[in-house]
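The structure appears right after this line, and notes come after that.
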Amino acid sequence: MVPDCKMIATSYESEEKLSEFHKEKFEENVGILKKHNASVFHEVDAEDIETTLGKAMEKKPEQTNLEWSGTFDIVWLQLPHTGGTCKTNSKLIKRYLASVGRVLKPNGMAFLTLYGMQVAHWKVPLHAEAARMNPVVRIPFGTSVFPAVWHRYNPKVGFSDTYFDILRQPCDTYVFVQNEFTGVHNFSCINPSVARKLAGMNVKTIADLSVLNNRLSTIDPGLEALIIQAKGWFEKWGSEIPTQINALQAIV
């Protein structure tokens, strides 16, 4: 792993269930992650990472000394599946894209790896638009970009280069970023009660919040602090996102 880079690996299932199901392979994989200074937490739901990761961290206080701000540069949901129908998987993607902003930095990126017709069947473009998450790059999930993944798993789980499963369907990672219409509910410093208060003031997006001082004659100190943070959010988002997109496009 890159020096000074911090990684948190998570699972939806409990540690006990994974250990029982995967046995020595589970311990081996966790060992590899920890060898690279990654922290590992379980029972984390992609539909609400902020809440469930917080609870998982409380269960393992020995791993929580991360000097972590509470937000990520990248959140990556890789080959998700509920085990159910298109409807349940579509719901998972919808909630992931709608809530992931709360754990992303202004210039943070949400990665989503899918294969075959999942993008269409799970209505990913529709959910991304509703969540105000812009798709900016599509990266083939193959040896040229993700060599470590292929070295470890090919061909044990049905991989071949840029394809997944025995059906040999194309496999890609889609990268999303927040946009200028990102809602205040996805601003990590705003809790639900404050979001409702702002909605009563017709403040629906971080952009609305950043210019709120222009239409109010008096502002209480708490609100003034949020406005300053919103302005900072936009400054970081606008200055760094284009550079990051160009860097990703260069490797595709």
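Just the number please: accessible area per residue for the chain, 1.4 Å probe, all protein chains included, in Å².
Values: 14540 Å² over 252 residues.
Accessible surface, normalised per residue, equals 58 Å².
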* Measuring from label point to label point, each 7 Å out along Cα→Cβ, what is the Trp68 to Ser19 span in nm? -> 2.0
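At a threshold of 8 angstrom on Cα-Cα distance, excluding pairs fewer than six apart, so keeping six or more, what relative contact order does the chain reach in percent?
Across the chain, relative contact order equals 15 percent.
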* Which whole-number percentage describes the relative contact order of segment 188-252, with Cα contacts under 8 Å and a sequence gap of 6 or more? -> 27
* To do: Compute the signed sum of charges (Lys and Arg +1, Asp and Glu -1) over the other residues within less than 10 Å, Cβ to Cβ, of Glu15.
  => -1
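Shape verdict for the chain, please, from the Cα gyration tensor: rounded (a/c under 1.5), prolate (a/b greater than b/c) or oblate. Before the final figure, lay out the partial values.
Numbers: a/c = 1.90, a/b = 1.58, b/c = 1.20.
Judged from the Cα gyration tensor, the chain comes out prolate (a/c at least 1.5, a/b above b/c).
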* Counting DSSP beta bridges with both partners in the chain, what percentage is antiparallel, nearest 5? -> 65
* With each label point set 7 Å from Cα along the Cα-Cβ vector, what nm distance links Thr85 and Glu50? -> 3.1
* Using just the helices of the chain, give the 222 nm mean residue ellipticity in deg cm²/dmol: DSSP H runs with n ≥ 4 each add -39,500 (n - 2.57), and the total is spread over all residues, rounded to 500. => -13000 deg cm²/dmol
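Take peptides 74-84, 224-234 and line them up by average Cβ neighbours within 10 Å, highest first, as a rough protection proxy. Write down the numbers at each step before the final one.
Details: 74-84: 13.7, 224-234: 17.0.
Going from most to least packed, we get 224-234, 74-84.
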* **Cα-based helix-to-principal-axis angle, 86-99 vs the chain, degrees rounded to 10** => 40
* Would you mind telling me the share, in percent, of accessible area of the chain contributed by carbon and sulfur at probe 1.4 angstrom? => 56
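The values are calculated or read from the model by the stated rules, or taken from the named source; none is laboratory data. As the structure is a prediction and not an experimental result, all values here were calculated from the model. Reconstructed Cβ throughout: ideal geometry from the backbone, glycine too, with neighbour counts over all protein chains shown. We work out accessible area using only protein heavy atoms, side chains counted, and drop any ligands, DNA or RNA first. Shrake-Rupley method; radii C 1.70, N 1.55, O 1.52, S 1.80 Å.
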